[in-house]
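Below is one structure; the comments refer to it alone.
Each value in this text was obtained by applying a stated rule to the coordinates, not by laboratory testing. Since we're looking at a predicted model, the values are computed, not measured. A quick note on method: Cβ atoms are made from the backbone with ideal geometry, for glycine too, and the neighbour counts reach across all protein chains shown.
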């Protein structure tokens, strides 16, 4: 999950695996697979970087757990 900020300054968590598109027009719009759309303050590049950090942390945790097994 990645935290983003709506235009009204409320924070929401976005499930990476449910994101269909992220576009700047000029505000950033995140469209989910179910059709829900969120307009957020972060730029697409920032969201992409946050998703990469999220995925990296998941891989690192998987490696850690496999070493414990």
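The residue that is farthest from residue 42 (Cα to Cα), counting only those in region 4-29 that are without any contact (Cβ under 8 Å) to a residue 40 or more places away in the chain, in contact with a helix residue (DSSP H, G or I) (Cβ under 7 Å, 6 or more places away or on another chain) and surrounded by 14 or more Cβ atoms within 10 Å (Cβ to Cβ), is 16. When region 30-43 is filtered for residues that are in contact (Cβ under 8 Å) with a residue 12 or more places away in the chain and part of a strand (DSSP E or B), the ones remaining, listed by number, are 30, 31, 32, 38, 39, 40. Residue 46: assigned to a strand (DSSP E or B), surrounded by 11 or more Cβ atoms within 10 Å (Cβ to Cβ) and either without any contact (Cβ under 8 Å) to a residue 60 or more places away in the chain or touching a strand residue (DSSP E or B) at 6+ places or on another chain (Cβ under 9 Å) (or both), yes or no? Taking the combined requirement at face value, the residue does not satisfy it.
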